[in-house]
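Below is one structure, written out as structure tokens; the observations come after it.
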Amino acid sequence: MNQLRLAILSNAGGSGKTTLATHLTYLLAKSKHSVVTFDLDPQGSVTLFCGLERPQSNHTISAVLTEKGFDGTWSLAPLWKEKVKGAFACQGDIGLERTISELVMAERGAYLLDDRIQDYPLPHDVLIFDCPATLGPLPTIAISAATHILIPVQVEPKSTGGASKLLEWLYEKFRTLRLNPRPKILGFIPNQYDKSIAIHRSLLEQLVPMLSQLNIPYFDPIRFSSEFKNASAVGLPLHLYRPKHPACDDFNPIVKVLKAEIAKEKEL
């Protein structure tokens with residue numbers, strides 16, 4: 001069985017990577033797909049956003065990425081198990097800071113996550129890699145293991161201005177890692193968008209033609225709402241916290257595309 005492996009990338013903090021990862025995990029699991037989200041953030045953002053307890057270091061992604069000693073036992077924490085089946089997290093922790101230096105020194109450091117998944121396959125339909133807001137070793141191992149990429153971008157000058165730098169880095173990694181096939185860029189997702197704010201409208205108007213010229217897809221923006229923070233504070237996706245909130249519908253186009261890609265992967 002072929003999996004969809006989705007790397008969620010950004011080079012700016014606050015772009016909504018973990019919000020996107022956790023909501024897609026819930027929505028795909030609700031659609032009867034089994035999903036594991038890997039927290040590649042040393043701050044353990046997925047743990048916080050999903051209301052999980054802090055894990056022991058030997059039950060995290062850090063233990064998986066040690067160059068020696070991993071025995072193939074994936075520590076997966078179930079998510080929202082009273083509401084949905086098939087959603088899991090492989091939690092992150094501060095040990096990932098140590099992992100970064102080890103990845104740089106390891107002979108196959110850039111491919112270590114892919115090697116682990118190849119050597120010790122997971123049976124799930126979808127693997128989601130929630131990357132830190134850097135352009136370094138952890139996002140590198142994510143894209144080397146990924147089949148697809150999504151790029152959330154906050155509609156603010158710093159974030160949108162960094163979009164071209166991220167693309168330059170990404171294409172350079174495709175070249176140096178010699179990925180064949182390359183992960184498919186499913187598109188940019190403007191995030192925390194408030195149409196009543198002039199700078200948001202202006203930046204969106206600039207971003208869309210830039211991506212069109214590069215033949216990179218983009219999605220309609222996910223609106224700003226403080227309810228996302230309120231939901232994550234209690235470890236829930238918005239769909240469980242405020243199921244009738246209009247922002248819940250903003251994820252539908254993304255989920256539709258992912259379902260189509262999952263179907264394609266299964267046919268391969």
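Coordinate-derived values only; no laboratory data. For clarity, every value in this text was computed on a predicted model and none was experimentally measured. Quick reminder, even Gly has a Cβ in these numbers, built from the backbone with ideal geometry, and neighbours come from all protein chains shown.
Restrict the search to region 107-168; then list the trypsin sites (Lys or Arg not before Pro) that DSSP places in a loop and that have at most 15 other Cβ atoms within 10 Å of their Cβ.
Loop-located and lightly packed - 108.
To the nearest 20 Debye, how big is the dipole of the chain about its Cα centre, given +1 on the beta carbon of each Lys and Arg and -1 on that of each Asp and Glu?
For the chain, the charge dipole is close to 600 debye.
Could you work out the Rg to Rh ratio of region 176-250, with Rh taken as the Kirkwood radius (inverse of the mean 1/r over all Cα pairs)?
1.10
Can you tell me how region 135-216 classifies by the Cα gyration tensor, rounded, prolate or oblate, using a/c under 1.5 as the rounded cut?
Note, shape of region 135-216 comes out prolate.
On a straight-distance basis, which aspartates and glutamates could pair with residue 68 in a cross-link, Cα separation under 16 angstrom, same-chain partners fewer than 8 positions away excluded?
Residue 68 reaches 102, 107, 114, 115, 119.
Applying 1/(1 + (r/R0)^6) with R0 = 25 Å to the Cβ-Cβ distance of residue 31 and residue 75, what FRET efficiency is obtained, to the nearest 0.05?
Computed FRET efficiency for residue 31 and residue 75 comes out at 0.50.
State the extension gain, in nm to one decimal, for the chain segment bounded by residue 268 and residue 53, taking 0.36 nm per residue of separation less the distance between their alpha-carbons.
Taking residue 268 through residue 53 to full extension adds about 73.6 nm, to one decimal.
Taking only C-alpha pairs under 8 Å that are 6+ residues apart, what is the relative contact order of region 4-267 in percent?
Over region 4-267, the number comes to 26 percent.
How about region 51-148: which GluC sites (Glu not before Pro) there lie in a loop by DSSP and see at most 15 other Cβ atoms within 10 Å?
Loop-located and lightly packed - 53, 67, 82, 107.
Kindly work out what percent of the DSSP beta bridges joining two residues of the chain are antiparallel, to the nearest 5.
About 5 percent, rounded to the nearest 5.
Summing -39500 (n - 2.57) over the DSSP H runs of n ≥ 4 in the chain and dividing by its residue number, what mean residue ellipticity at 222 nm do you reach, to the nearest 500 deg cm²/dmol?
-12500 deg cm²/dmol
With springs only between Cα atoms under 10 Å, which of 109, 86, 69 fluctuates most in a Gaussian network model of the chain?
Answer for the Gaussian network model of the chain: 69.
Return one quarter of the surface area of the convex hull spanned by the alpha-carbon atoms of the chain, equal to its mean projected area, in nm².
13.4
Using DSSP to define loop residues, name the trypsin sites (Lys or Arg not before Pro) in region 184-223 whose beta-carbon has at most 14 other beta-carbon atoms within 10 Å.
When the trypsin sites (Lys or Arg not before Pro) of region 184-223 are filtered for loop state and at most 14 Cβ neighbours within 10 Å, 195 remain.
Among bridges DSSP assigns within region 26-175, what percent are antiparallel (round to 5)?
Expressed as a percentage, antiparallel bridges in region 26-175 total about 20.
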